[in-house]
Amino acid sequence: PTSFPLPTLPYATTKPRRSQPYNNHQYCTNNHHAANMGKKKSGNRKKKSGQARRNNNNSGTKSPPLDPSKTVCKFYTEGRCKNGDECKFLHTDAKVAATCTTAPPSSEATAALPAGLASSMSLFTPAQQTLATQLCTLPGTTNQSHLFSKWTTDAKDNDKKKALMSKLELVDQSYPDGGLTGYLTNAIALLEKSRRGENPLEGWIPSVPKGEAFEVGTDAFLRSEELGLKEVGKCGFILVAGGLGERLGYGDIKIGLPTELATGTTYIQFYIETILAFQSRYAEPGKKLPLCIMTSGDTNAKTVALLSANNYFGMDKDQITIVQQGQGVPALYDNDAHIALDTEDPYDIQMKPHGHGDIHALLHSNGVAKAWQAQGMKWTVFFQDTNGLAFHTLALSLGVSSKMGLIMNSITCPRKAKQAIGAITKLTKGDQQKTMNVEYNQLDPLLRATVSPEGDVNDESGFSPYPGNINQLVFNLDSYVSILERTKGVMPEFVNPKYADAEKTIFKKPTRLECMMQDFPTVLQGAETEKVGFTSLASELCFSPVKNATADGVALQAKGTHPGVAASGEADQSSSVARILRSIGCQVEEGSKVTFNGITVTSGPDCVLNPSFAACATEFKKKFPNPSAVKISGRSSLVLSGQGLTIESLDLDGAVVIECEEGASGVIRNLSVKNKGWWKQPDASSDVEIIRMRGYDMRRLETEKIVFKKDGSIDGNYSMETTPKESARTVPEVSAPVVPKEAAVVEPVISKSAPAPPVDLTKSAPEEKGDEQFCNGCTIL
């Protein structure tokens, strides 16, 4: 979790050295007594009058000793205590430390230090000196002297030495369970269990957890969603966004990626616009729905800059809280938990992420959850950084949580038996129980050893009865805050070393302790454990993460696994909207299969419905009151935005963009649009990252655009009095890029079997006559 390092200042004392160990506590106390009595710590003092001496000595007794635990330090200003880090009195800046408890190490302790460290101790603060000594005097083979064994006495390396000690100190301050030595102690215990092959689930009996599974558009689905919409206006949202896009071939933060190319809306923009849409329709007047973003050291500055440059995408600045995860934890290279040095720099160590489980500790230590509770929020919703389908389950899951009285609700999707995805499972041992995520490679052997000799098998539904975890969580906020107060948000850790030998003594690469946010059920107690459940919906509607490079996605897709790349994320986002439209009765064709950069996706129809128009299936039903009169071909592109817009009847075979300004209203009735539309042109070598990572660019050949204005006017070729006969027309062509002949490999997007657009043959069309590079479907000789 976030920590704020103290300034690095040299240790100094105004008292002379003594032969016996220095009593820092007594010195600190004397200083405070001197301050309380108006004395100076050193230098000449004015001789007091006899009366003053009599007043001070009154009955011959000394002033009463101060209680450090109840006394505010008088020498602490601007993040620094003049008495040094040995001060025991209270410091007022909680961001630095509540108390100082570290004293400089004794001369005996420093005698056995590596020579390079011993000669450099004067460079460090007392706290850093003590930490270095502790690391070098850990018992047996667990000591960390190797960290300093290659240090020289050359002064040119002093800055590097101080930088390493500052990093170690920062880890010591930020690790919540005993500092750095606590981390190493925990690691040794967990590594030994891993070496022995201990099963953390030994003795637990698995069973199917409680929860509800839905199919979109059914009565049960809509009833639960209607119930959940009453709760949507009482939610705080947690976005776990600590990752860069380097793995995807993107040089910026992942939340800055566009979800699709039709509008270029980024993930963070889409998430914020969805929250604002729910706020405007379901929150009490004047109530803001808060958003907390967890960043890392790699993403924090870029996240702040992205939000600021875009005016927070419509949110008020005070709605957004950013909590920064710590720099990680030290990597360990053997079973004795020795910290791994940087392979190229003896003055640096290898660090690895501690895992997204830190989010709970951050929400507690920064007071976020408690502040939201005070603001009247009832639920907190956790979601991932690049899943454009995340909010399709929001109202649905809130309905389940409300109805079942759940403290924690995991959003899940149906999973095939033995599918490589964690499963939500109820575990029982005697009178203990917990409902939590169990990794797929643990579930099958656990079932075989306990209740099912066949292991993890599909039931009559064709899926495993244990639903797949997608790491999207909903918490009852009152219960969540109470549990955070008890646990400080600290999640249990695990270690997963990759061994290079059968004896499990050599690691293939350094490992580390980590924690996961979905392990929250492990800290529940008593009746709390009974209030954990799940909400399940088809993955095509709720889960399509963008997390893999194209080459990795190709390999995954070849094995029958979702590729998780930018092209699949965009295709799935449109496909999920099309599925919801079909579920309410709209006639939406499926597009053709197209391959880009080795990734096969369904290309079309591109259905992009801005959250201001509709954000869930219940709202879709209201926005399309006559769904049977809505027809969309498989090659079409449909972009809708604006709360005041309603689609009564539409026949689309091409591209149409319909907007309704805020405060305006508009109804689309009897509109038929047939034009060349948009298509995805292959482009695997573009200089633009967001195009190259997809393998295509969006080419807009013809577009019908209609805008309902706030003043009641309409921009575009549309009238509210349009009749079916009048509305069938060809829209004037917008400027289209010249498309090379070799790009015709994706012609299936514009079906040759589709009727050619009607044109007026009596009018000259020199632009068509002269265009020999793109005349697909042209009827002019």
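If we keep just the residues of segment 457-479 that are without any contact (Cβ under 8 Å) to a residue 60 or more places away in the chain and out of contact with any strand residue (DSSP E or B) (no Cβ under 8 Å at 6 or more places or on another chain), which is most open to solvent (accessible area, probe 1.4 Å)? It comes out as Glu460.
Taken together, the residues in segment 488-532 that are surrounded by fewer than 17 Cβ atoms within 10 Å (Cβ to Cβ) and either free of Cβ contacts under 8 Å to residues at least 40 places away in the same chain or assigned to a loop (DSSP other than H, G, I, E, B) (or both) amount to 17.
Name the one entry in Ile339, Ile320, Ile293 that is in contact with a Cys (Cβ under 9 Å, 6 or more places away or on another chain) and of a type in the set (A, V, I, L, M). Full working, then the answer.
Working: Ile339 fails: in contact with a Cys (Cβ under 9 Å, 6 or more places away or on another chain); Ile293 fails: in contact with a Cys (Cβ under 9 Å, 6 or more places away or on another chain).
Among Ile339, Ile320, Ile293, only Ile320 is in contact with a Cys (Cβ under 9 Å, 6 or more places away or on another chain) and of a type in the set (A, V, I, L, M).
For Ile268, the criteria (1) in contact (Cβ under 8 Å) with a residue 40 or more places away in the chain; (2) surrounded by fewer than 18 Cβ atoms within 10 Å (Cβ to Cβ) hold in every case but one, which is (2). In segment 642-706, counting only strands (runs of 3 or more DSSP E) that sit wholly within it, the ones holding 1 or more residues that are more than 36 Å from the chain's Cα centre (by Cα) span 650-653, 666-668, 671-674.
I'd like the full set of residues that are crowded, with 19+ Cβ neighbours inside 10 Å and over 12 Å from Lys434 (Cα atoms), limited to segment 533-544. Reasoning before the result, please.
Going through segment 533-544, the residues crowded, with 19+ Cβ neighbours inside 10 Å turn out to be 533-537, 539, 541-544.
Result: Phe534, Thr535, Ser536, Leu537, Ser539, Leu541, Cys542, Phe543, Ser544.
Looking across segment 124-138, the residues that are part of a helix (DSSP H, G or I) and among the polar types (S, T, N, Q) come down to Gln128, Gln129, Thr130, Thr133, Gln134. More than 26 Å from Thr618 (Cβ to Cβ), outside any strand (DSSP E or B) and within 23 Å of the chain's Cα centre (by Cα): is that true of Ser308 in this structure? Here the answer is yes, as Ser308 does meet what is asked. Would you check if Glu570 is more than 17 Å from Leu248 (Cα to Cα) and touching a residue at least 24 places away in the same chain (Cβ under 8 Å)? Answer is no for this residue.
Listed by first and then second residue, the pairs linking a residue in segment 649-675 that is closer than 21 Å to Ser628 by Cβ and open to solvent by 10 Å² or more (accessible area, probe 1.4 Å) to a residue that is among the basic types (Lys, Arg) and outside any strand (DSSP E or B), with Cβ atoms under 7 Å apart and 6 or more places separating them unless they lie on different chains, are Ser649/Arg669.
Among the numbered conditions (1) open to solvent by 20 Å² or more (accessible area, probe 1.4 Å); (2) closer than 26 Å to Lys622 by Cα; (3) in a helix (DSSP H, G or I), the only one that Gly286 does not meet is (3).
The set of residues from segment 221-242 being assigned to a loop (DSSP other than H, G, I, E, B) and modelled with pLDDT under 95 comprises Ala241, Gly242. The number of residues in segment 412-441 that are modelled with pLDDT of 90 or more, out of contact with any Ser or Thr (no Cβ under 9 Å at 6 or more places or on another chain) and open to solvent by 60 Å² or more (accessible area, probe 1.4 Å) comes to 4. For residues that are more than 28 Å from the chain's Cα centre (by Cα), more than 23 Å from Asp159 (Cα to Cα) and not hydrophobic (A, V, I, L, M, F, W, C), scanning just segment 334-364, find the one that is most open to solvent (accessible area, probe 1.4 Å). The selected residue is Asp336.
Filtering segment 163-190 to residues that are of a type in the set (D, E, K, R) and open to solvent by 40 Å² or more (accessible area, probe 1.4 Å) leaves Lys167, Asp172, Asp177.
Note on segment 289-305: residues that are open to solvent by less than 40 Å² (accessible area, probe 1.4 Å) and among the hydrophobic types (A, V, I, L, M, F, W, C) amount to 5. Within segment 161-182, the set of residues being part of a helix (DSSP H, G or I) and small (Gly, Ala, Ser) comprises Ala163, Ser166, Ser174, Gly179, Gly182. For Thr133, the requirement of being crowded, with 19+ Cβ neighbours inside 10 Å, farther than 29 Å from Thr529 by Cβ and of a type in the set (Ser, Thr, Tyr) is met.
Consider segment 629-648 and keep the residues that are in contact with a helix residue (DSSP H, G or I) (Cβ under 7 Å, 6 or more places away or on another chain) and free of Cβ contacts under 8 Å to residues at least 40 places away in the same chain. The one that is most open to solvent (accessible area, probe 1.4 Å) is Glu648.
Any residue at all in segment 223-232 that is polar (S, T, N, Q), farther than 27 Å from Thr618 by Cβ and buried (at least 18 other Cβ atoms within 10 Å of the Cβ)? Full working, then the answer.
Filtering segment 223-232 for residues polar (S, T, N, Q) gives 224.
Narrowing further to those that are farther than 27 Å from Thr618 by Cβ: none.
The answer is no; no qualifying residue exists.
Kindly evaluate Asp318 against the criterion of being in a helix (DSSP H, G or I), modelled with pLDDT of 95 or more and more than 26 Å from Cys616 (Cα to Cα). Write out each step before concluding.
On the way: in a helix (DSSP H, G or I): yes; modelled with pLDDT of 95 or more: yes; more than 26 Å from Cys616 (Cα to Cα): yes.
Yes; evaluated as a whole, the condition is true for this residue.
All conditions in (1) modelled with pLDDT under 95; (2) over 26 Å from Ile253 (Cβ atoms) hold for Ser583, with the sole exception of (1).
Of the residues in segment 145-160, at least one is open to solvent by 60 Å² or more (accessible area, probe 1.4 Å), of a type in the set (A, V, I, L, M, F, W, C) and part of a helix (DSSP H, G or I).
The values are calculated or read from the model by the stated rules, or taken from the named source; none is laboratory data. In this text, all values refer to a predicted model and were calculated from it rather than measured experimentally. Don't worry about glycine lacking a Cβ; one is built from the backbone with ideal geometry, like all the others, and counts go over all protein chains shown. Heads up: the accessible areas ignore ligands, DNA and RNA and are worked out on the full protein's heavy atoms, side chains in. Shrake-Rupley method; radii C 1.70, N 1.55, O 1.52, S 1.80 Å.
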